[in-house]
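A short write-up of the structure that comes next.
The values are calculated or read from the model by the stated rules, or taken from the named source; none is laboratory data. The model shown is predicted, which means the values in this text are computed figures rather than measured ones. Neighbour counts are summed over all protein chains in view; Cβ atoms, including those assigned to glycine, are modelled from backbone coordinates with ideal geometry.
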Amino acid sequence: MDANWNLIVTNDNVGITSSDGNAVLPVNAALVAGTQGFTVTLKSSGSKTVTASDITHAGIVANASSPITVNAGAFARLQLLVPGETASPGSATGKTGTPSARTAGTAFTLTVNAVDTNWNVVGSVTDTVHLTSTDTNAALPADTALRAARKCSAPH
Amino acid sequence: MLSATLKTVGAWTLTSSDVSDPSKTSNASPSITVNAGAFAQLQVLAPGETNAPGTATGKTGAPLTQAVTVAFSVTVMAVDANWNLISTNDTVALGASDTNATLAANAALVAGTRTFTNGVAFKAPAAKR
């Protein structure tokens, strides 16, 4: 584009980035007669942007999209977070961190989220969840309904 | 908030599953390391008994019948409130409800445990401990 947003015929190479660090982005590609279509997959719910940059001529001003609202997909699975772990929606594993060591006999808090295939919380789910442990002596909470618009926990 | 209490020393996982819709994929935690709590009590294991940390009683099995005047071994362990072994070298003493029993002398635990080999011999025929 020129300074007044008129199409310029060029074959400069263009790169695509996103404020969603988990987005699936296309490889750089050359414009054809000044234009090119790209496919982007945003993975994290929230407000995200996509930016195009000129790889061939770094002096050309990059352009970011207006914020794009990304909604969670369909409820697909549960996510269990224990102390030391933090949810990371849109990432491959859905979480960061590793479980911190616990002391036998000392209670700790855990969180269960209803999430889509990309680990985004699906806030409308009120399904009942059940917990088990490989420690057959563990004291575990009774089956509990997830809270709508949030995650799990005991009923209100 | 949901709360869980692991009671046994080791590495354990937790798993959440959807009771309302079993088609939803359950999720297991990575291994969670569980360390022993504070030294809280001693545990005596007689022949026939086996330590079972994390359980309500801390042991399985029942004491085998012993013959009067025949010495047998007992093991003493330092444990936390959930019967997990604690490494300590405290000195322990044996006692018996048979006031005429022959008992081993006081001895220090080694890394939280001590087996008193042939350390007890009852003198009176009855159920003792």
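Residue-level check: of (1) at pLDDT below 95; (2) more than 28 Å from residue B:82 (Cβ to Cβ); (3) touching a Lys or Arg at 6+ places or on another chain (Cβ under 9 Å), residue A:153 misses just (2). Of the strands (runs of 3 or more DSSP E) entirely within the stretch B:1-58, those holding at least 1 residues that are at the interface with chain A (Cβ under 7 Å from one of its Cβ atoms) occupy B:2-4, B:10-12, B:14-18, B:32-35. Can you find a residue in the stretch A:135-142 that is facing chain B (nearest Cβ under 7 Å), assigned to a strand (DSSP E or B), within 26 Å of the chain's Cα centre (by Cα) and modelled with pLDDT of 95 or more? No, the stretch A:135-142 contains no residue that is facing chain B (nearest Cβ under 7 Å), assigned to a strand (DSSP E or B), within 26 Å of the chain's Cα centre (by Cα) and modelled with pLDDT of 95 or more.
Only one of the listed residues (B:38, B:52) is under 12 Å from the mean Cα position of the chain (by Cα), within 28 Å of residue B:117 (Cα to Cα) and not hydroxyl-bearing (Ser, Thr, Tyr). That residue is B:52. If the requirement is being surrounded by fewer than 18 Cβ atoms within 10 Å (Cβ to Cβ) and under 27 Å from the mean Cα position of the chain (by Cα), which of these qualifies: A:3, A:64? That would be A:64, the only listed residue that is surrounded by fewer than 18 Cβ atoms within 10 Å (Cβ to Cβ) and under 27 Å from the mean Cα position of the chain (by Cα).
Exactly one residue out of A:56, A:69, A:103 is within 21 Å of the chain's Cα centre (by Cα) and either away from chain B (no Cβ under 14 Å) or not aromatic (Phe, Trp, Tyr) (or both): that is A:69.
For the stretch A:63-94, filtering for residues that are of a type in the set (Ser, Thr, Tyr) and not in a loop (DSSP other than H, G, I, E, B) leaves 2.
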